[in-house]
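Below is one structure; the comments refer to it alone.
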Amino acid sequence: MTTPRTGFKSKLLAAFLALVGGIVGVHHWYLQRSYAWLITATAALLVAFTVWAELWWDSVAFWLLGLFFAAGAVEAVCLCLIKDSRFDAWYNAHSTRRNASGTVTVLLAILATLLGTMISLGWLAHVVFRVYHHMGWLEGLNY
């Protein structure tokens, strides 16, 4: 069962929130999605496990948070590129106002793509390095 959405929802603001706060699901709360609490609770647990870890940068919880950031960046791009009419049909059905995308929305999509790619590739490289290190495949290398 979905909850009725009220008020006008800005596509640009939703995309911006997905980019900067997607790691904890801020955009889900803004868009009044029914499962927003689950994403926020999961991210909070991962942050707690990261803080309690002996080496925070080497904990599995920290690297799972990277997936949450990547998901937020991908959703930011998707929200920027979705047709205004479709976004309004989903989130602004009861509002008389409508979204009108422009240059700022395209620039935000480009920024989200760049940041998401950089963070995701750095995350992936570090995960591969840690796996190779723990498996002993890097023994004897000076790094």
### Task
Specify which of the listed residues (Leu38, Leu46) is assigned to a helix (DSSP H, G or I), aliphatic (A, V, I, L, M) and surrounded by 15 or more Cβ atoms within 10 Å (Cβ to Cβ).
Leu46
### Query
Of Ala44, Ala76, which residue is within 11 Å of the chain's Cα centre (by Cα) and at pLDDT 95 or above?
Ala76
### Query
Just wondering, is there one or more residues in segment 75-87 that are surrounded by fewer than 18 Cβ atoms within 10 Å (Cβ to Cβ) and more than 24 Å from Ile110 (Cβ to Cβ)?
no
### Summary
In segment 1-20, residues that are modelled with pLDDT of 95 or more and more than 16 Å from Asn99 (Cβ to Cβ) total 2
### Query
Of everything in segment 85-98 that's within 15 Å of Leu31 (Cα to Cα) and not in a loop (DSSP other than H, G, I, E, B), which residue is farthest from the chain's Cα centre (by Cα)?
Ala89
### Message
Can you say whether Val106 is closer than 17 Å to Leu17 by Cα and more than 15 Å from the chain's Cα centre (by Cα), as far as the supplied structure shows?
### Response
yes
### Query
So Val24 clears everything in (1) outside any helix (DSSP H, G or I); (2) more than 30 Å from Tyr132 (Cα to Cα); (3) within 12 Å of the chain's Cα centre (by Cα) except one condition, right? Which one?
(2)
### Message
Which of the numbered conditions does Phe62 fail, given that it passes all the others? Conditions: (1) buried (at least 19 other Cβ atoms within 10 Å of the Cβ); (2) within 16 Å of Ala14 (Cβ to Cβ).
### Response
(2)
### Query
If a residue has to be of a type in the set (A, V, I, L, M) and free of Cβ contacts under 8 Å to residues at least 12 places away in the same chain to count, how many in segment 73-90 make the cut?
1
## Note on the structure
Gln32 passes all but one of the listed conditions (1) among the polar types (S, T, N, Q); (2) in a loop (DSSP other than H, G, I, E, B); (3) in contact with a His (Cβ under 9 Å, 6 or more places away or on another chain); the exception is number (3)
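The values are calculated or read from the model by the stated rules, or taken from the named source; none is laboratory data. Fair warning: this is a prediction, and the values are worked out from it, not measured in the lab. Virtual Cβ from ideal backbone geometry, glycine too; neighbours counted across all protein chains shown.
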